[in-house]
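In what follows, a structure is listed as structure tokens, so that the remarks can point back to it.
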Amino acid sequence: MIHHTRVFDTIRAEDFFRYLLSIVLNTTTRLNSQGAQVMKFLVTALVSTIAFTASAQASDGGAPDNKVLENVYPGVTFSPYAQRSFPSNVFWGETHLHTGLSLDAGLFGNILGPEDAWRFARGEEIKSSTGLPVKLGRPLDWMVLTDHTDMMGIATDIQRGTPNILAVPKGKEWHEGFKKGGQAAGAAAFDLITNFAQMTLPEQIVADYGPGSRVSTNVWERIVDAAETYNEPGKFTAFIGYEWTSVPKGFNLHRNVILRDGAVRAKQIVPLTTQPPLGTTDPLDLYKWLEDYETRTRGQALALAHNGNLSNGWMFPVDATYAGGKVDKNYVEQRARWEPLYEVTQIKGDGEAHPFLSPDDEFADYDNWDVGNLDLTELKTDEMLAGEYAREGLKRGLMLEAKLGTNPYKFGMVGATDSHTALTTAEEENFFGKSVSVEPSKTRISHPFIESKLGKIPGDLLVASGYQGVWASENTRAAIFDAMLRKETYATTGPRIPVRFFGGWNFTEQDLRSRAPAFRGYEKGVPMGGDMPPMSEGKTAPTFMVYALRDPVGANLDRIQIIKGWLDADGNTQEKVYDVVWSDERVLDGNDKLPPVGNTVDIEAATWTNTIGSSELATVWTDPDFDAQQSAFYYARVIEIPTPRWVLYDKLRFGTQLPKDTKLIHQERAYTSPIWYNPA
Amino acid sequence: MISKISRLAREPLLHFLLIGVALFVYFDLAREGASEAPNRIHISNGQVQQLAANFKRTWSRQPTATELDAMVEGHVREEVFYREALAMGLDQNDPQVRRRMRMKLEFILEDLSSQDPGDEQLEQYLQQNAEKFETEAVVSFRQVYLNPETRPQLPEDARQLLTQLNSGADPDSLGDQTMSVRRYERERESVIARDFGKPFARELTGLPEGEWIGPVYSPFGAHLLHIGARVDAHQPQLAEVRNEVLRDFVAEQRQQQKDQAYQLMREDYEVTVEAPTTAAQ
């Protein structure tokens, strides 16, 4: 054992020294002045960084700007769109992206940081980790970066003046120097670097920031600063967030956390982790953390879960939670309060519906991953599925509401990538994969993405999905976050399809034909994510106004469906899918079934034509099976005409051999958040 | 002879050797010293406070004595595993460790190199990247939509409608039903491109103001347009875009300085690459 210690000490000293040597060599053995300049530069740079960070923080006070005030005082104007307080724009973004800061992403070879991810999302061309130039077809309007966070470091601790730094006289001296700024900060920085280079750092500081964390940067601060830098109200919204990666037994129960706030609030906390003793895998603890955050900072935050399809039945529990708790009043209230959204589609499988649960739904089998849990250490059984898919979750929510008084699964729909490449690509012809290991290459499809003794997820099963549309009044953190809270959001598997969905008791065809149907939508009803208003006098069934445009650069639309789920008289959950409007003047067949729209995909060329389908679909639909005594939810699903899957572009560009059973074409889609009906 | 010595004294290789000797001596001494140190882990008061501070930042309260004990024990456990693993050389040839080390050094270099340049430098950067910081064109317009699927005589219909519109007919009472927005007020070109596609937005910028014209085609069909006020794209003053210029300037500087640092470090290595053996088919 003593021998081990010796080796350890030596390694530490050697490592330390080797690093110093590189500095010393750079500064002293070069006879030209380059090295000296580098040194001087490093010192001045360190100082100005600190001064700059401080000034950036000071300006984040959050005074109301004119734009906000304008919306508060609507008036009559010439333009019907000006000074309306309701949302008139759909903003496209995503809530789930990892950079090289996330350990697992780094392991796969991701060397990009938050700055790269932001620049890419805003439409700039960058180089991927594998060296490929990459650019989005169209920039996003907003994004949340959700890295895992863990490293803490001396540089920021000195600035902040943590107890252990202040406990050492030298540390205290530096901290005070940095605090003063200017010359004093410069002297402090120089002194720090000199002590570092001379190996005369106080022993205590060397110990505290030993080989594991020496001079490492605090990742959280880095994430916060990057978001601040790229957040541009009105143009691009960069949210501060992180992923709480709870994955007991390999069952995926991750939550993404999104803050409404800027650096001043975000830097008062550090993200919750999952490793005990500091961290936890119990969502009740996460809710506590969120509550603490709001109490302490007076900020706002929300959480949303993803990949129920890899949770082996644990995502939407009805009796007991995986953390050993009960699905009781407290659990349902907390979950309803903190989780207004659910990520329903992403690269690791689409989680809206499953054919086993919805045998009558011909579109229920869209890119499901139903082999097992996240690491395939336990295979899937049919009984697990009900606890995993969004539609079933919504139904279970109605059931729990009847039992406990609160619906814990009353969530809006989110589409995101969960890409670990720092590249938010959800488009089929520009798909950079789940991780750096499956960035574009001739062979990426042939390697199983996950493989264990029990089973595998083949590489061609990755889904180039998805994005989130948010109806908001402006492109700011506040407006988009608030839209998420009221669930006025929807998911798509990638295409940017504008969709409106309103519920009320009095919608007519006339409203749809009016010059601005959305005005009628808000006046006479509620938008997606809302609760039906009390039933109007003399009405017997709810009406829904739904309309969609195709993605301006995408495929035409096949149909719009409304999916209804309800709790029947016996307390059992039911569902039904209605085709409500479709293209090409098709007529229902003898079984009331809508014939398929057709297919124009040219497999060899990976192209399609918009000669079938519609560029717009719109209708007002009345529920023909309504029972006012039964609680229900309704959401719209918009289906595109068939288009090539990403694998066909790989085949075209690389000559990739596709496995025989590879799915080549698909019908992409949008899922709106539901509108709920509750018999009062 | 003297000149030879002085030349030798300037020889970097000699410096390197001397430093190398010094290092050997140092490590030898360090090893001697280490052999006397017991196998001990000391958790300083500062570290305990640090653990408590971490807890407080996560949970917004002080840890209880039990929680703090658990954290200290967790820390010790990590330290023990860490040391044992290092002693076994488990950090060697581990791609994750290697990437982490690379990332940490990159962080240090980036953090040290981010600086706040003066306005002069930013002004220069703005000039050099004029196109990137151009203020987008802003335009107001109204549209009357014509659906090609239901209008076989679309060009003729368009002509007639244009005459009516330019004689003062109410645009809201003409044309076909559409869900696309009928009126845009001072909207950025990129937003119009998002809604109607890039070609449409580009065409819009070239159209005359103040009269009904068209049809202009988009992915949705044909549009008769009336362009209202327009502000063309223009070069902004630094004050208008200072934040964006600063952000991009610093990002570029960071990258350059990181590359330079890499070059400096790399010069200290002699890199040899064996020619690849030709694969036997």
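Points worth noting:
- Taking the range A:418-432 as the range and being of a type in the set (Val, Ile, Thr) and under 18 Å from A:ILE445 (Cβ atoms) as the test, the residues that pass are A:THR421, A:THR425.
- In the range A:473-482, residue surrounded by the fewest Cβ atoms within 10 Å (Cβ to Cβ) [restricted to those that are more than 14 Å from A:LEU304 (Cα to Cα) and either among the aliphatic types (A, V, I, L, M) or within 14 Å of the chain's Cα centre (by Cα) (or both)]: A:ALA478
Residue-wise test of (1) over 17 Å from A:LEU549 (Cα atoms); (2) in the same structural domain as A:GLY459 (by TED's automatic domain parsing); (3) polar (S, T, N, Q).
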| site | (1), (2), (3) |
| --- | --- |
| A:VAL580 | no, no, no |
| A:LEU588 | yes, no, no |
| A:ASP592 | yes, no, no |
| A:PRO596 | yes, no, no |
| A:ALA606 | yes, no, no |
| A:THR609 | no, no, yes |
| A:SER614 | no, no, yes |
| A:SER631 | yes, no, yes |
| A:ARG637 | no, no, no |
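- Hits in the range A:519-566 - residues which are away from chain B (no Cβ under 14 Å), out of contact with any strand residue (DSSP E or B) (no Cβ under 6 Å at 6 or more places or on another chain) and hydrophobic (A, V, I, L, M, F, W, C): A:MET535
- Restricting the first member to the range A:645-665 and to residues that are in contact (Cβ under 8 Å) with a residue 40 or more places away in the chain and under 11 Å from A:PHE431 (Cβ atoms), and the second to residues that are of a type in the set (Phe, Trp, Tyr) and buried (at least 17 other Cβ atoms within 10 Å of the Cβ), the beta-carbon pairs closer than 6 Å and six or more apart or on different chains are A:TRP646/A:PHE431.
- The conditions of being within 11 Å of chain B (Cβ to nearest Cβ), part of a loop (DSSP other than H, G, I, E, B) and hydrophobic (A, V, I, L, M, F, W, C) are not met by A:LEU253.
- Annotation note: Cβ proximity below 8 Å between a residue of the range B:71-86 that is of a type in the set (Val, Ile, Thr) and a residue that is modelled with pLDDT under 90 (sequence gap 6+ or interchain) occurs for B:VAL72/B:ILE43; B:VAL72/B:VAL48; B:VAL72/B:LEU51; B:VAL76/B:ILE43.
- Among the residues of the range B:137-168, the ones that are surrounded by 15 or more Cβ atoms within 10 Å (Cβ to Cβ) and either closer than 19 Å to B:SER218 by Cβ or of a type outside the set (S, T, N, Q) (or both) come to 18 in all.
- For the range A:280-293, taking the residues that are crowded, with 19+ Cβ neighbours inside 10 Å and within 14 Å of chain B (Cβ to nearest Cβ), the one that is farthest from A:PRO340 (Cα to Cα) is identified as A:THR280.
- Selection of the range B:63-89 for residues being closer than 20 Å to A:TYR293 by Cβ and either at the interface with another protein chain (Cβ under 7 Å from one of its Cβ atoms) or modelled with pLDDT under 90 (or both) yields only B:GLU67.
- Qualifying residue in the range A:338-348 (condition: modelled with pLDDT of 95 or more and of a type in the set (Phe, Trp, Tyr)): yes
- Residue match in the range A:316-330 (condition: assigned to a helix (DSSP H, G or I), outside the structural domain of A:LYS593 (by TED's automatic domain parsing), among the polar types (S, T, N, Q) and within 19 Å of the chain's Cα centre (by Cα)): no
- Considering A:SER473, A:SER446, the condition of being of a type in the set (S, T, N, Q) and farther than 30 Å from A:ILE675 by Cα is satisfied by A:SER446 alone.
- Conditions (1) out of contact with any strand residue (DSSP E or B) (no Cβ under 6 Å at 6 or more places or on another chain); (2) more than 17 Å from A:ILE675 (Cα to Cα): number failed by A:THR493: (1)
- Test: residue in the range B:45-59 that is under 30 Å from A:ARG296 (Cβ atoms), more than 7 Å from chain A (Cβ to nearest Cβ), in a helix (DSSP H, G or I) and at pLDDT below 85: yes
- Any hit, the range A:520-539, residues being under 28 Å from A:VAL601 (Cβ atoms) and in a helix (DSSP H, G or I): no
- Hey, A:ASP579 surrounded by 14 or more Cβ atoms within 10 Å (Cβ to Cβ) and in contact (Cβ under 8 Å) with a residue 40 or more places away in the chain or not: no
- Counting only strands (runs of 3 or more DSSP E) that sit completely within the range A:561-680, those holding 1 or more residues that are over 30 Å from B:PRO219 (Cα atoms) correspond to A:573-582, A:616-622, A:632-640, A:675-677.
- Reported count of residues in the range A:441-456, each being under 17 Å from A:ASN309 (Cβ atoms) and surrounded by 21 or more Cβ atoms within 10 Å (Cβ to Cβ), is 1.
- Any chance A:PHE481 is at pLDDT 95 or above, outside any strand (DSSP E or B) and either in contact with a helix residue (DSSP H, G or I) (Cβ under 7 Å, 6 or more places away or on another chain) or among the polar types (S, T, N, Q) (or both): no
- Condition met for A:LEU658 (modelled with pLDDT of 95 or more, aliphatic (A, V, I, L, M) and in contact with a helix residue (DSSP H, G or I) (Cβ under 6 Å, 6 or more places away or on another chain)): no
- Per the listing A:THR95, A:THR99, the residue uniquely within 11 Å of chain B (Cβ to nearest Cβ), modelled with pLDDT of 85 or more and surrounded by 23 or more Cβ atoms within 10 Å (Cβ to Cβ) is A:THR99.
- A:VAL647 being within 30 Å of B:LEU146 (Cβ to Cβ), β-branched (Val, Ile, Thr) and buried (at least 18 other Cβ atoms within 10 Å of the Cβ): no
- Of the strands (runs of 3 or more DSSP E) lying entirely inside the range B:125-238, the ones with 3 or more residues being in contact with a His (Cβ under 8 Å, 6 or more places away or on another chain) are found at B:138-146, B:212-218.
- From the options B:ALA222, B:ALA201, B:ALA251, residue that is among the hydrophobic types (A, V, I, L, M, F, W, C), at the interface with chain A (Cβ under 9 Å from one of its Cβ atoms) and touching a helix residue (DSSP H, G or I) at 6+ places or on another chain (Cβ under 7 Å): B:ALA251
- Verdict on B:ARG254 being within 28 Å of the chain's Cα centre (by Cα) and either of a type in the set (D, E, K, R) or not in a strand (DSSP E or B) (or both): yes
- All conditions but one from (1) within 14 Å of another protein chain (Cβ to nearest Cβ); (2) farther than 22 Å from A:PRO139 by Cβ; (3) not in a helix (DSSP H, G or I) apply to A:GLY234; the one that does not is (2).
- Checked against (1) within 29 Å of the chain's Cα centre (by Cα); (2) more than 14 Å from every other protein chain (Cβ to nearest Cβ); (3) of a type in the set (Gly, Ala, Ser); (4) at positive phi, B:ALA233 meets all criteria but (4).
The values are calculated or read from the model by the stated rules, or taken from the named source; none is laboratory data. Please read all numbers here as calculations on a predicted model, not as lab measurements. Virtual Cβ from ideal backbone geometry, glycine too; neighbours counted across all protein chains shown.
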